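Below you'll find the structure, written out as structure tokens, and then a few comments.
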Amino acid sequence: MAKTIDAVSLKSMLDGAGEIALIDVREQAEYGASHPILAANIPLAQIEMRVGELIPRRSTPIVVEDAGEGLAQRAAALLEGFGYTDVAVLDGGTPAWAAAGFELFSGMYVPSKAFGEFVEHAYETPSVSADELKAMMDGGEKLVVLDSRPMDEYRVMNIPTGIDVPGAELVFRVGEVAPDPETTVVVNCAGRTRSIIGAQSLINAGIPNRVVALRNGTMGWHLSGYQLEHGNGRTAPAPTDDTLDQALARAEACARRFGVKTIDAETLDTWRDQRDSRTLSILDVRTAEEFAALRIADSRHAPGGQLVQATDSYLPVRNARVVLVDDRKVRALMTASWLVQLGWDDVYVLTSGLDGQPTASGPSAKTILGLDALNAVPSIAPAQAKALVDGGAVMLDLAKALDYRDGHPQGAWWAGRVAIADNLSKIPADKIILLTSPDGMLARFAGSDLASSGRDVRLVDGGTSAWEAAGLPMQSGMTAVLSEPNDSYLRPYDRTNKAEIEKAMNDYLSWEVALVEQIKKSGGISFRHFPAA
């Protein structure tokens with residue numbers, strides 16, 4: 001049985017220089033409602049599929065928390081079974097944290113969101129409102145709108161004329177889309193954080209153009225009554241040799257200002273040999289296409305803009321060694337400059353890029369723990385599963401609830417893995433239970449969970465992707481649910497009613513702005529402020 005730790009002792013560890021991973025194992029909606037700011041969310045339902053990659057060193061000190069439901073104890077037992085040797089449970093959970101006088105925060109990626117607000121205040125990042133941008137457009141001002149979100153978010157909605165240039169790509173590619181210094185560069189995201197960080201990146205890099213953030217991003221544009229575009233795929237080209245040289249010179253100057261450290265390949269090899277005593281995260285900050293084409297074999301993909309936007313999601317082990325990789329250096333240097341300001345001490349840029357490293361290409365292999373201990377559950381082909389559903393079997397789909405809403409096998413119920421056991425009585429005892437998930441992996445774990453239930457349980461071989469590939473019918477909507485969907489903290493755009501969407505937008509923007517004051521409370525966080533260049 002895992003040891004326990006009280007809230008005051010945990011706070012001391014979080015404030016210290018040693019490694020520690022504080023993980024909240026509740027579902028995302030519950031975590032997003034209230035948690036300590038430095039807690040990373042790794043739900044119990046996904047722990048086998050995520051923790052091995054995110055916390056690779058088995059002797060890392062780990063503290064597991066929930067709100068007192070008992071999930072933390074279950075997660076701690078699993079972690080110890082996987083070979084983790086220093087696991088503790090927060091005694092009393094998040095209520096005990098609050099009772100000790102420490103602040104609880106709502107929302108997702110709170111350290112990074114708060115950091116964006118800090119940056120705007122500390123450096124007075126210039127911004128324009130939606131009305132001001134519309135007037136600039138209507139007046140024929142020479143400008144370019146750069147959307148700092150990933151392409152999948154950009155495709156959903158974008159500011160008219162906007163070009164997709166995800167965060168770390170801005171300094172790398174801006175010379176191609178705004179070569180004239182008389183062109184105003186407007187950076188936007190959906191809300192505030194990536195607009196602010198993106199605009200300030202270009203300012204920190206010293207480009208000669210006027211640079212502004214679009215205040216409140218696409219949400220602000222929508223709330224001001226202006227139309228968004230949908231389904232676009234505009235991107236900025238990669239830099240030419242001349243613009244690359246210019247971008248690198250700017251990134252190097254920025255890195256010097258913020259004290260970015262570098263290492264060579266020999267040092268990285270030495271650190272690889274020390275992985276049993278220090279956590280090493282090798283993060284490739286380039287695009288997904290570049291990462292898939294050729295990467296360092298033991299690196300993870302963490303596109304620079306998203307790494308800064310969701311640091312807790314990529315780096316749950318505080319005070320780990322972090323090595324950033326980019327064969328052109330620009331994106332790694334700019335990303336490192338932000339991690340330094342976020343408070344990460346051991347962040348380094350690999351000067352040699354991919355040269356001399358063991359490399360790989362294609363899809364990255366997943367680190368999944370506990371596969372060898374799974375109970376055997378029979379699998380059947382999708383067509384057989386369809387016939388069983390037609391005959392009255394109950395199929396449970398373990399996809400994210402929002403993905404289930406968008407599309408799931410016809411007749412399937414949505415189910416959360418952890419809640420299945422408590423809701424099993426809703427399924428008649430004589431019914432066959434079929435389990436599916438996007439690629440079938442989560443269904444395998446859920447099937448193993450149910451192996452001792454005495455029920456007839458079978459897996460859909462290859463999961464929902466195989467079901468779709470076989471041309472079997474899909475449907476959308478929350479057509480049937482076994483348990484309350486709580487695996488997603490809803491963003492404004494995840495809602496379907498216009499009034500609810502707009503209320504959620506206003507609430508979200510107000511929440512972001514208020515973070516700069518909330519983090520000053522006990523249990524909050526502080527960031528590094530550097531003097532002007």
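The values are calculated or read from the model by the stated rules, or taken from the named source; none is laboratory data. None of these values were measured; they are calculated from a predicted model. No Cβ is skipped: glycine too gets one built from the backbone with ideal geometry, and neighbour counts run over all protein chains shown.
Observations
- For the stretch 203-218, the set of residues classified as buried (at least 24 other Cβ atoms within 10 Å of the Cβ), among the aliphatic types (A, V, I, L, M) and part of a helix (DSSP H, G or I) consists of A205 only.
- Search result, residues across the stretch 412-471 that are over 23 Å from L371 (Cα atoms) and β-branched (V, I, T): I427, I432
- The one condition from (1) crowded, with 19+ Cβ neighbours inside 10 Å; (2) more than 15 Å from the chain's Cα centre (by Cα); (3) touching a residue at least 40 places away in the same chain (Cβ under 8 Å); (4) under 26 Å from I62 (Cα atoms) that T311 does not meet is (2).
- Highlighted here are the helices (runs of 4 or more DSSP H) found entirely within the stretch 94-165 that include at least 1 residues which are closer than 22 Å to A288 by Cα: 110-123, 151-156.
- Within the stretch 25-43, the set of residues being over 18 Å from W97 (Cβ atoms) and surrounded by 22 or more Cβ atoms within 10 Å (Cβ to Cβ) comprises E27, P43.
- Scanning the stretch 65-86 for residues that are surrounded by 22 or more Cβ atoms within 10 Å (Cβ to Cβ) and more than 29 Å from Q309 (Cβ to Cβ) yields one hit, A76.
- Taking the stretch 74-105 as the range and being of a type in the set (S, T, N, Q) and closer than 17 Å to G370 by Cα as the test, only T85 passes.
- Taking the criterion of being surrounded by 24 or more Cβ atoms within 10 Å (Cβ to Cβ) and within 14 Å of H230 (Cβ to Cβ), the residues of the stretch 159-183 that qualify are I159, G162.
- Selection status of N497, buried (at least 17 other Cβ atoms within 10 Å of the Cβ) and either farther than 15 Å from L424 by Cα or charged (D, E, K, R) (or both): no
- Sole exception among (1) under 21 Å from Y348 (Cα atoms); (2) surrounded by fewer than 23 Cβ atoms within 10 Å (Cβ to Cβ) for E229, by number: (1)
- Taking the numbered list (1) farther than 21 Å from G52 by Cβ; (2) among the small types (G, A, S); (3) crowded, with 19+ Cβ neighbours inside 10 Å in turn, G343 passes all entries but (3).
- Note on the stretch 49-59: among residues that are touching a residue at least 12 places away in the same chain (Cβ under 8 Å) and surrounded by fewer than 22 Cβ atoms within 10 Å (Cβ to Cβ), the one that is nearest to S448 (Cα to Cα) is M49.
- Helices (runs of 4 or more DSSP H) lying entirely in the stretch 4-82 (those with 2 or more residues that are closer than 17 Å to G93 by Cβ): 7-15, 28-33, 71-81
Matching residues to (1) of a type in the set (S, T, Y); (2) within 21 Å of the chain's Cα centre (by Cα):
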| position | (1), (2) |
| --- | --- |
| R331 | no, yes |
| T335 | yes, yes |
| V340 | no, yes |
| G343 | no, yes |
| V349 | no, no |
| L354 | no, no |
| Q357 | no, no |
| G362 | no, no |
| L371 | no, no |
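- On the stretch given as the stretch 492-521, residues that are assigned to a loop (DSSP other than H, G, I, E, B) and either touching a Leu at 6+ places or on another chain (Cβ under 8 Å) or closer than 24 Å to Y123 by Cα (or both) total 3.
- Elements of type helices (runs of 4 or more DSSP H) in the stretch 234-295, at least 1 residues being without any contact (Cβ under 8 Å) to a residue 24 or more places away in the chain and outside the structural domain of V325 (by TED's automatic domain parsing): 241-257
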